[in-house]
Amino acid sequence: MKLSKKEQQCKELLEQEVSFRNDANEVSADKPDPILIAKQYQDEYISLVCALFAYGKVDNIITFLNSLDMSLLEVQEELIREKLSRHYYRFQNSEDIIQFFITLSRLKREGSLNRLFLGGYNKNKDVIEGINILLEKIYTLNPYRSRGYGFLIGKITTKRKGAGALKRWNMFLRWMVRSDNIDMGLWSGVDRADLLLPLDTHTFNMGHKLGLLKRKSYDLEAAYEFTQKLKRFDKEDPIKYDFALYRLGQED
């Protein structure tokens, strides 16, 4: 379907922003973003840590991530417990963080997140099914439960309306699947066209301002709706617009 005049103008605006923002200097100490820490390591597990803790004020996120010894994902669980005994972040107390690292260390010993994700994704080329496979495995590997732990990791999702937008998981997938001056492209086997917008308050508000989102509820259904609209601009890589939309919203 041909774009309307308004849609064409919006696409041209966003294409200009994508080109402008696709610069390594757009993610720096002066312009912080959690991917700044992840890119230092180029590792899928460390990237997941960075993505799942990416809520709250960005300066606080960066400070917390810099306080973590990411090599703890490779050590014995007793040492994880010792080294993280005084760490906490917003809704996560020290035990939540300890158990999170223990869970990921167990999962890392079993193999690649990319491979595990593909086991769910490949059934219907659905990234939510891939995320659910990862969540199922994470909850199977460790019986620990708490409110903070559950908030950090997220819920297995079987519906769109009323379900959480899975912003941090979809952002992690963007980092892993796309490859440019912002995203790392560490994974293979996942089509960029299947990614979902990592909907947060900034992109949610920008979607309404630009007329690209009508849904008033901030949920997974809104992320699908917004993504489908962006596919009219680029069906092969709709989430290339995410970082530009996020920065536009962040800068008001």
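The values are calculated or read from the model by the stated rules, or taken from the named source; none is laboratory data. As the structure is a computational prediction, the values presented were derived from the model and not from experiment. Backbone-built Cβ (ideal geometry, glycine too); neighbour counts: all protein chains shown.
Any residue at all in the stretch 27-44 that is farther than 24 Å from residue 230 by Cβ, of a type in the set (Val, Ile, Thr) and touching a Leu at 6+ places or on another chain (Cβ under 6 Å)? Yes - at least one qualifying residue is present in the stretch 27-44. Among the hydrophobic types (A, V, I, L, M, F, W, C), closer than 30 Å to residue 25 by Cβ and either in a helix (DSSP H, G or I) or in contact with a Leu (Cβ under 7 Å, 6 or more places away or on another chain) (or both): is that true of residue 175 in this structure? Considered against the rule, which asks whether it is among the hydrophobic types (A, V, I, L, M, F, W, C), closer than 30 Å to residue 25 by Cβ and either in a helix (DSSP H, G or I) or in contact with a Leu (Cβ under 7 Å, 6 or more places away or on another chain) (or both), residue 175 comes out as yes. With respect to (1) surrounded by fewer than 16 Cβ atoms within 10 Å (Cβ to Cβ); (2) farther than 21 Å from residue 80 by Cα; (3) of a type in the set (D, E, K, R), the lone exception for residue 147 is condition (2). Within the stretch 189-235, track down each residue that is under 21 Å from residue 122 (Cα atoms) and assigned to a loop (DSSP other than H, G, I, E, B). Result: 189, 190, 191, 195, 196, 197, 198, 235.
If the condition is being assigned to a helix (DSSP H, G or I) and touching a residue at least 12 places away in the same chain (Cβ under 8 Å), then the stretch 111-129 contributes 113, 114, 116, 117, 118, 119, 120, 121, 122, 127, 128. Among the charged types (D, E, K, R), over 22 Å from residue 200 (Cα atoms) and at pLDDT 95 or above, is that true of residue 59? For residue 59, the condition - among the charged types (D, E, K, R), over 22 Å from residue 200 (Cα atoms) and at pLDDT 95 or above - is not met. Screening 188, 112, 146, 179 for residues that are closer than 20 Å to residue 230 by Cβ and either among the small types (Gly, Ala, Ser) or touching a Pro at 6+ places or on another chain (Cβ under 8 Å) (or both) leaves exactly one candidate, 179. Applying the criterion of being buried (at least 20 other Cβ atoms within 10 Å of the Cβ) and touching a residue at least 40 places away in the same chain (Cβ under 8 Å) to the residues of the stretch 188-203, the residue that is farthest from residue 41 (Cα to Cα) is 203. Does residue 174 meet the test of being charged (D, E, K, R), under 30 Å from residue 104 (Cα atoms) and touching a Pro at 6+ places or on another chain (Cβ under 9 Å)? Judged against the criteria, residue 174 is a match.
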